[in-house]
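Novice: Just dropping this structure here.
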Amino acid sequence: MDKPFHCLFVLSLAMTPLAARPQDLPSQPKPEGRVCVASVSNLSTRPAMLDRLAERLSSDLREDKIEALTMESATTTDHKLHPTRENGEEAKSNDCDYILLTQILDPKTASLVPQSAQISIGGRVPSIDASDPLGGASGPVYRDNVQISFALFPVERLKPILDTVMLAQPSGSASDNLLTAMDRESNRVSHELKKK
């Protein structure tokens, strides 16, 4: 190889912008990819069975024919979702293609962080949950919604292929609390992975 040509090649490689390198290139979802589900983090004042929620996500994804497993590492407690070092190492050791992060927040505290607009129609809705210990004879119980933030990251990438927020109303039963929200989240993740 000519020395001037070799120098030109090395110089052009060194000047390649970082945005064009694989770390930040957009990733196309692949439905056959394995999803590692991080333990859910709860930054709200509502109690939640976090292990059960993460397992529900994994189970729902498997029912949708997506290979999924629940990790021991937890979702970050930072308001902006991102994989942690522990998430990345565990996902690599499990040969995962994606990391699913989920965070529960109180919308009041989440509003301190700039976000896209959300629509809320009709305000708070009374709980009609028959298992609610406060419902029934004492009348309806009003519960504030919680915010569920979730993001799906390809392993070794900083840009998510899915990053969204939804509102959910916790039920009166601690054992069923937020399971419906996990079903909605897994449906959204499945849709994202299967779209062409």
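The values are calculated or read from the model by the stated rules, or taken from the named source; none is laboratory data. Please read these numbers as outputs of a predicted model, since none were measured by experiment. Don't worry about glycine lacking a Cβ; one is built from the backbone with ideal geometry, like all the others, and counts go over all protein chains shown. All accessible areas refer to the heavy atoms of the entire protein, side chains included, with ligands and DNA or RNA removed. Shrake-Rupley method; radii C 1.70, N 1.55, O 1.52, S 1.80 Å.
Novice: Applying the selection to region 51-61, what residues are touching a residue at least 24 places away in the same chain (Cβ under 8 Å) and more than 16 Å from Ala151 (Cβ to Cβ)?
Specialist: Arg52, Arg56, Asp60
Novice: Restricting to region 61-76, give me the number of residues that are in a helix (DSSP H, G or I), in contact with a strand residue (DSSP E or B) (Cβ under 7 Å, 6 or more places away or on another chain) and either of a type in the set (S, T, N, Q) or open to solvent by 10 Å² or more (accessible area, probe 1.4 Å) (or both).
Specialist: Counting residues in region 61-76 that are in a helix (DSSP H, G or I), in contact with a strand residue (DSSP E or B) (Cβ under 7 Å, 6 or more places away or on another chain) and either of a type in the set (S, T, N, Q) or open to solvent by 10 Å² or more (accessible area, probe 1.4 Å) (or both) gives 1.
Novice: Applying the selection to region 74-93, what residues are of a type in the set (S, T, N, Q) and under 13 Å from Phe153 (Cβ atoms)? Talk me through it step by step, then tell me what you get.
Specialist: In the first step, residues of region 74-93 are kept if they are of a type in the set (S, T, N, Q); the result is 75-77, 84, 87, 93.
Thr75, Thr76, Thr84, Asn87, listed by residue number.
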